[in-house]
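The values are calculated or read from the model by the stated rules, or taken from the named source; none is laboratory data. Computed from a prediction, not measured in an experiment: that's the story for all the values here. Backbone-built Cβ (ideal geometry, glycine too); neighbour counts: all protein chains shown. To get the accessible areas, we keep the full protein, side chains included, count just its heavy atoms, and leave off ligands, DNA and RNA. Shrake-Rupley method; radii C 1.70, N 1.55, O 1.52, S 1.80 Å.
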Amino acid sequence: MSNVSKAARLTAVAATAALVLAACGSDDGGDAGGQTDGGGENNGALAGKDITIGVFSGWEEGLAASYLWGHILEEEGATVEYQTADPGPIYSGVAQGQFDVGFDAWLPATHEDYWAEHGENMEDLGTWFSDAPLTIAVNEDAPIQSLEELAGAAGEFDNRLVGIEPGAGLTRITKEEVIPTYGLEDMQFIESSTPAMLAELEGAIDSGKNVVVTLWRPHWAYDAFPIRDLEDPQNALGDPEEIHSFGRKGFASDFPQVAEWIGNFKMTDEQLHSLEKIMFFENEGEENEKSVDTWLQANPDFVSKLKAGNL
């Protein structure tokens, strides 16, 4: 891990959450991560092909998966471009054929509305992470274990529940389900942003204060900070979700080999958290291609196993 301050790291995370358009700049034909077929930029199976990846702004697991796939596609010769925006514009762009593929569809609940609106013009390319729960997390040494205890212990947390973006599915579920189910109406629910929530989480932990935040798994914060989830005996947050890859209509017929590989794609908690940690801590969220290269050096068989369907 680098010696940059934690505040600088969180500033970098905030930068990734801005709406940007970034062209991929990795042309060096670096380490293939154990790939045995394909290769250099001009020699692979996708030579001469352009593929645009839609990336949800601020969704770290999607950024990690997108840049991992950008590496794989570039090693097969494709020219890869990343288009970064909030989920709504990305779903719309994929449905309209402006973007080719995305890697962060949370189903069935979090992105239910987007899928209902655009699903008939998109292709579900498969599930790559199958246990993705929404959570309410506290510092590891917090005095409570369950959401049922939170209302009675609100003063221990400065009477504040720290959330993320107002338009996020997790924010809606917290307001509509968690707060009324557990009688948390008297707590101040802070709707802010993911980077702001992480900054509050880190600040509280560094100062030895109790803190309660809305969160989700997978997320690198579970590796970075001493935190744990509160039990949800009423299941107000709902069942764990799945993270899917999705493409524009016709993607699988235009890129059948790529679609097959994407269908094979799976990551474990440990794999995803380790990649996210390199991207957002060690490299400050600013050197994503380098982060993927570093991770693949530590996981040299990942791509070859993916292509063989052995993950």
Within region 197-311: Cβ-based charge dipole about Cα centre, in debye rounded to nearest 20 (Lys, Arg +1; Asp, Glu -1): 400
Set of lysines near residue 209 by C-alpha distance (under 23 Å), chain-local residues within fewer than 8 positions excluded: 6
Proximal lysines to residue 290, defined as alpha-carbon separation beneath 17 angstrom and excluding residues fewer than eight positions away on the same chain: 277
GluC sites (Glu not before Pro) restricted to region 42-144 and DSSP loop, no more than 15 other C-beta within 10 Å: 140
Inter-centroid distance (Cα atoms) of region 149-175 relative to region 105-148, Å: 17
The chain, helix-only ellipticity at 222 nm - DSSP H runs n ≥ 4, -39,500 (n - 2.57), divided by all residues, nearest 500: -9500 deg cm²/dmol
Rel. contact order, % - alpha carbon contacts under 8 angstrom, at least six apart, the chain: 27
Karplus 3J(HN,Hα) series, Hz, for region 294-305 with 6.51 cos²θ - 1.76 cosθ + 1.60 (x for Gly, Pro): 4, 5, 5, 5, 7, 10, x, 9, 4, 5, 5, 5
Dipole magnitude (debye, nearest 20) for the chain, charges at Cβ of Lys, Arg, Asp, Glu: 220
Restraint check, 49/249; 49/305; 266/305; 266/307, Cα-Cα greater than 22 Å: 49/305
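Assuming a ≥ b ≥ c are the square roots of the Cα gyration tensor eigenvalues, decide whether region 150-228 counts as rounded (a/c under 1.5), prolate (otherwise, with a/b larger than b/c) or oblate.
Here region 150-228 falls in the oblate category.
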Taking N as its residue count, the alpha carbon Rg of region 44-182 over 2.2 N^0.38 Å: 1.32
10 Å beta-carbon shell around residue 269, net charge (K/R +1, D/E -1): -2
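What shape does the chain have by the C-alpha gyration tensor, where a ≥ b ≥ c are the square roots of the eigenvalues, rounded means a/c under 1.5, and otherwise prolate means a/b greater than b/c and oblate the rest?
Values: a/c = 2.19, a/b = 1.65, b/c = 1.33.
Prolate shape, in that a/c is at least 1.5 and a/b is the bigger ratio.
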Of all accessible heavy-atom area on region 78-221, the percent that carbon and sulfur account for (1.4 Å): 43
Region 237-311 and region 53-95: distance between their alpha carbon centers, rounded to Å: 11
